[in-house]
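Peer 1: Here's a structure for you.
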Amino acid sequence: WEELNTQAFAYNRQKQYEKAIQTGFRALEIAKINFGVHHIKYAASLLNLGNLHKDHNNRRFQAKADLYYQQAFEFFETHPQEQGHTIEGNLNMNYGLYAEMMQFPNPKKYFQRAYKIYLKKFGENHG
């Protein structure tokens, strides 16, 4: 699973977007088979696919990125115990940037959603 993710982002850096996305899909399938859809590695694979689609300079691919980010959000909302600093931070950063990039009508709601996830995990006094 980790090797596939590393390979996907290597393809992405080389601007081989189709290979990157195909490899990202394989990583998602491996995560689903080996860990299940209620595991953080599955959610991480969703985030990775969102990132890979976002980087593709094509509106159709960028719209798919939103679907993967939404699925990852749903995972973290229903599995707050699975959140870690790295994944949770990644989710906040990537979804926020994506919301701005796509010029959603209300990007603030996405930041607020991410913040609610953060509060569930760490509480208001975490610093």
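Peer 1: Can you tell me the accessible area per residue over region 1-61, all protein chains present, probe 1.4 angstrom, in square angstrom?
Peer 2: Heavy-atom accessible area per residue stands at 56 Å².
Peer 1: If each residue of separation counts as 0.36 nm, what is the full-extension length gain between residue 124 and residue 26 once their alpha-carbon separation is subtracted?
Peer 2: Full-extension gain reported as 31.5 nm.
Peer 1: While we're here: Ignoring ligands and nucleic acids, what accessible area does residue 113 show with a 1.4 Å probe (Å², nearest 10)?
Peer 2: Accessible surface of residue 113 is approximately 50 Å².
The values are calculated or read from the model by the stated rules, or taken from the named source; none is laboratory data. The structure displayed is predicted, hence computed values, not measured ones. Remember, those area values only see protein heavy atoms, side chains included, never the ligands or the DNA or RNA. Shrake-Rupley method; radii C 1.70, N 1.55, O 1.52, S 1.80 Å.
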